[in-house]
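The values are calculated or read from the model by the stated rules, or taken from the named source; none is laboratory data. Keep in mind the model is a prediction, meaning the values are calculated, not measured. Positions of Cβ are generated from backbone atoms using ideal geometry, with glycine treated the same way; all protein chains shown enter the neighbour counts.
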Amino acid sequence: MTTAFGTLYIVATPIGNLSDISERALNTLKSVDHIAVEDTRHSAPLLKQFGIHKPLKALHDHNERHSLTWFIKELEAGHSIALISDAGTPLIADPGYHIVSGLRNLGFSISPIPGPCALIAALSASGLATDHFCFEGFLSAKTAARLAQLMALAHEPYTMVFYEAPHRICETLEAMQQVFGPDRIVCLARELTKTFETIKTGPLSTIIPWLKADSNQQRGEFVIVVAGAPTPDKHELSLDDQRLLTLLRRQMPLKAASQLAAEYTGKSKNTFYDFGITHD
Ligand code: SAM
């Protein structure tokens, strides 16, 4: 691929507070030949506010796959393109994946201009573990499918981040309580970077009544950050662990059986040994 080809820039825009637009984002939007937007009606006023007047190309879920040839033609003609979404970082619960993956497979130059992202903003202020996390996006709007998705995450040990719409926030938290239990800690991050920004962390058993008691708190945009499942106590033996020890005991002395069971389960050797002594 020659360098005469254009570049696709993935440009993050504010999630509510216009001052969060970066200098690089503005310079990039001013320098490109086209701006691909999720919704022209949404982005035109924002761009106008920053004094940016460029040809806009609509890119949404329904035309994304068919738009790849347009991107290829423009980039091959040496034109550069910026991709933005309605808010935040494109591709994060927003269109763009098929374009970026298609163009990268063809070897085109794609460069991110990083900036606001609701999931990272919420996670960073949540007080929950940030060393490992998984982004789950929007849960299904259908009750049964949503429960099934949550049940698949019941033992997820890492922090989970969800997006949710205001009209579903209460029922989603209730479904989480049903699956994760009332003690699971969550952080509700509402209207981040905006006037009514509210961030509240606590067990589901206190967050749900607090939210239900104030209809104002049910308005706006939400990120739900959920603590990972508590790791099982290394000193507690499950029924399976106990059965394993019993089986091993039939073949070898308690000390060796405890050693082997500990290696297999990751639990403490002494826990197996103590259990064996008291249950022999
Ligand atoms: N691409 C965006 C990003 O980088 O975060 C997300 C787009 S997704 C279609 C929109 C969802 O993100 C909203 O329904 C809400 O769950 C979350 N969101 C966006 N802005 C937010 C904000 N200011 N405060 C809280 N959540 C927000």
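Quick rundown of the values:
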{"read-out": "Failed item, numbered, when I99 is tested on (1) under 26 Å from E164 (Cα atoms); (2) of a type in the set (V, I, T); (3) not in a helix (DSSP H, G or I)", "value": "(3)"}
{"read-out": "Unmet requirement for F272, which otherwise passes all of (1) surrounded by 19 or more Cβ atoms within 10 Å (Cβ to Cβ); (2) closer than 22 Å to S126 by Cα; (3) aromatic (F, W, Y)", "value": "(2)"}
{"read-out": "Residues being outside any helix (DSSP H, G or I) and either surrounded by fewer than 16 Cβ atoms within 10 Å (Cβ to Cβ) or not assigned by TED's automatic domain parsing to the domain that holds I52 (or both) - total across region 19-39", "value": "2"}
{"read-out": "Every residue from region 61-84 that is of a type outside the set (K, R) and loosely packed, with under 15 Cβ neighbours inside 10 Å", "value": "D61, H62, N63, H66, T69, A77, G78"}
{"read-out": "Residue match in region 231-250 (condition: within 30 Å of C117 (Cα to Cα), more than 16 Å from the ligand (Cβ to nearest atom) and out of contact with any strand residue (DSSP E or B) (no Cβ under 8 Å at 6 or more places or on another chain))", "value": "yes"}
{"read-out": "Unmet requirement for K267, which otherwise passes all of (1) in the same structural domain as P166 (by TED's automatic domain parsing); (2) touching an Asp or Glu at 6+ places or on another chain (Cβ under 7 Å)", "value": "(1)"}
{"read-out": "Cβ pairs under 9 Å, 6+ apart, first in region 206-222 and among the aromatic types (F, W, Y), second away from the ligand (no atom under 13 Å from the Cβ)", "value": "W210/G202"}
{"read-out": "In region 134-152, the residues that are over 15 Å from E174 (Cα atoms) and without any contact (Cβ under 8 Å) to a residue 40 or more places away in the chain", "value": "C134, E136, A152"}
{"read-out": "Filter result (more than 11 Å from the ligand (Cβ to nearest atom) and of a type in the set (F, W, Y)) within region 112-155", "value": "F133"}
{"read-out": "Region 67-85, residues that are outside any helix (DSSP H, G or I) and closer than 15 Å to G96 by Cβ", "value": "I81, A82, L83, I84, S85"}
{"read-out": "Leading residue by the ranking (farthest from L147 (Cα to Cα)) among those in region 181-201 that are loosely packed, with under 14 Cβ neighbours inside 10 Å and away from the ligand (no atom under 16 Å from the Cβ)", "value": "D183"}
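The rows are residues; the columns are (1) polar (S, T, N, Q); (2) at pLDDT below 95; (3) assigned to a loop (DSSP other than H, G, I, E, B).
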{"residue": "L173", "(1), (2), (3)": "no, no, no"}
{"residue": "Q177", "(1), (2), (3)": "yes, no, no"}
{"residue": "L188", "(1), (2), (3)": "no, no, no"}
{"residue": "T195", "(1), (2), (3)": "yes, no, yes"}
{"residue": "L211", "(1), (2), (3)": "no, no, no"}
{"residue": "P232", "(1), (2), (3)": "no, yes, yes"}
{"residue": "H235", "(1), (2), (3)": "no, yes, yes"}
{"residue": "Q242", "(1), (2), (3)": "yes, yes, no"}
